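One structure below.
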Amino acid sequence: MQQLTKPRPKFLALNQIRQPLAAIASILHRLSGAGLFLMLPLLIWLLQLSLATSTEDMTTFKAVKDCLAVRLILLGLVWAFLHHFCMGIRLLFIDMHIGVEKQASHTSAKAVFGISLTLTLIFGLKLLGVY
Amino acid sequence: MNRIVVGAHYGLKDWLAQRITAVVMAAYTLIVLAAVMGGATSSQEAWRAFMSHGLIRFFTFLFIVSLCYHAWVGVRDIWMDYIKPTGIRLFLHALTLLALIGYAGWAIQIIWRL
């Protein structure tokens, strides 16, 4: 097949490239998605326990949700969900060719971090019982 | 014949499904968030009543199906990007698909039992 584009130089030492914010947000979109996928059984189990009627299940639910390790995992998942959510909306706009330019893309990446981290803090403090 | 494995439809259908399921899940998230702020989790009875409401059950079902389809496309893309040996990749694809089908059944059973 005929080469359509000029061969470009490849430099894939990822640790040596200073990634733009949008690239970091992008890889975190993948990472957060993978984390949510891996923790699905925990989340479905919690849903099941939260709706259970037997006293045994209700006791289990109370014990599980009061466990610090579970709360920390949930805190991580809250961040993962919020980042994935905000970044997903950003990607939907980019699909519609909105905010594709370099500056706009950088600004929206900043907004993704700003919004998702702020909401993680708000929900996280609630989750850890601070208020 | 010279076959191109990544032919027409294959990619576009999943790309589109990824977006549609994302919108469904985002809408559901806002509905549940609004309900929680309105007191749907104030007690276990309130939570059970909310989740067993006919319309909410319908949306929860759509959410579960959307989530599994969305996760399938996303996780499959991860395997396609990083796992090169065909055998291992096929195994991981099958494992992912089977897990997601199982999760969907489990989650739907939880809300349908209410």
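Bear in mind these aren't lab numbers, they're just calculated from the coordinates by the rules spelled out. What you see is a predicted model; the values in this text were computed from it and never measured. Note: ideal-geometry Cβ built from the backbone for every residue, glycine included; neighbour counts use all protein chains shown.
Details
- Being in a helix (DSSP H, G or I) and away from every other protein chain (no Cβ under 13 Å) is a property that does not hold for B:Leu97.
- Residue in the stretch A:60-69 that is crowded, with 17+ Cβ neighbours inside 10 Å, outside any loop (DSSP other than H, G, I, E, B) and among the small types (Gly, Ala, Ser) present: no
- Number of the exception - B:Gly38 against (1) of a type outside the set (D, E, K, R); (2) surrounded by fewer than 16 Cβ atoms within 10 Å (Cβ to Cβ); (3) facing another protein chain (nearest Cβ under 9 Å): (3)
- Residues of the stretch A:79-118 classified as free of Cβ contacts under 8 Å to residues at least 12 places away in the same chain, part of a helix (DSSP H, G or I) and away from chain B (no Cβ under 14 Å), total: 6
Conditions (1) in contact (Cβ under 8 Å) with a residue 40 or more places away in the chain; (2) within 28 Å of B:Ala107 (Cβ to Cβ); (3) in a loop (DSSP other than H, G, I, E, B), marked per residue:
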site	(1), (2), (3)
A:Lys6	no, no, yes
A:Arg18	no, no, yes
A:Ala22	yes, no, no
A:Arg30	no, yes, no
A:Ala52	no, yes, yes
